[in-house]
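Colleague: Let me give you the structure first, and then I'll get to my questions.
The values are calculated or read from the model by the stated rules, or taken from the named source; none is laboratory data. These numbers were taken from a predicted model, which means no experiment stands behind them. Cβ atoms come from the backbone with ideal geometry, glycine included; neighbour counts cover every protein chain shown.
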Amino acid sequence: MNPVFILSQKDSRPMYLQIIEQIKNKIAVGDWSQGHKLPSIRELAISLRVSVITVKRAYQDLENEQVIYTQQGKGSYVADGENMGIKLKQQELDDLLINVLKTAKILGMTEQEITQRIHSLQKNKSINEQGEGYE
């Protein structure tokens with residue numbers, strides 16, 4: 001039950017945020033389904049060579065977001081919420097779109113220009129059903 005997480009000292013984000021992102025990713029891609037038992041806080045801290053406090057913070061934030069739940073003395077599990085993977089993918093898409101909108105605003109683009117740009121890209125760079133672009 002040793003998850004493969006890669007934490008980077010060069011990443012400007014705190015370690016606990018990197019852990020959160022990687023746990024959410026495992027859920028979103030279906031590696032960890034509803035009810036999957038997460039590594040214990042201590043086990044994950046040792047395997048990642050971070051403090052227990054760092055992992056505890058990540059798990060607490062995930063609990064607050066209702067991505068995981070903890071049963072005292074038994075461990076932490078992926079939440080039983082409907083379509084958790086889909087929700088996480090939608091959240092990831094929302095985060096990307098927010099960054100796109102921020103960049104577009106910096107460039108002085110209007111909503112209409114952004115919409116036109118998206119439609120133009122969609123027509124010129126065909127997107128297959130899996131969301132992959134091809135020429």
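Per-residue answers, yes or no, for (1) surrounded by 18 or more Cβ atoms within 10 Å (Cβ to Cβ); (2) within 21 Å of Val4 (Cβ to Cβ):
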site	(1), (2)
Trp32	yes, yes
Lys37	no, yes
Ile41	yes, yes
Ala58	yes, yes
Asn64	no, no
Ile68	yes, yes
Met84	yes, yes
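Colleague: A further question follows. With in contact (Cβ under 8 Å) with a residue 60 or more places away in the chain and within 16 Å of the chain's Cα centre (by Cα) as the only criterion, which of Leu97, Leu93, Leu88 stands out?
Modeller: Result: Leu88 is the single residue among Leu97, Leu93, Leu88 that is in contact (Cβ under 8 Å) with a residue 60 or more places away in the chain and within 16 Å of the chain's Cα centre (by Cα).
Colleague: When only residues in segment 48-67 that are charged (D, E, K, R) and assigned to a helix (DSSP H, G or I) count, which is nearest to Asp80 (Cα to Cα)?
Modeller: The residue in question is Glu63.
Colleague: Checking the structure you have, find out if any residue of segment 20-33 is on the phi > 0 side of the Ramachandran plot, in a loop (DSSP other than H, G, I, E, B) and of a type outside the set (S, T, N, Q).
Modeller: Yes.
Colleague: Checking Thr70 against (1) outside any helix (DSSP H, G or I); (2) at pLDDT below 90; (3) not basic (Lys, Arg), which single condition isn't satisfied?
Modeller: (2)
Colleague: Starting from segment 5-21, keep only residues that are of a type in the set (A, V, I, L, M, F, W, C), then list their pairs with residues that are assigned to a loop (DSSP other than H, G, I, E, B) whose Cβ atoms are within a distance under 8 Å, requiring at least 6 positions of separation or different chains.
Modeller: From residues that are of a type in the set (A, V, I, L, M, F, W, C), the pairs are Leu7/Val50; Met15/Leu7; Met15/Val50; Ile19/Phe5; Ile19/Leu7; Ile19/Val50.
Colleague: For the list (1) surrounded by 12 or more Cβ atoms within 10 Å (Cβ to Cβ); (2) within 21 Å of Lys24 (Cβ to Cβ), I need the number of the one condition that Met109 fails.
Modeller: (2)
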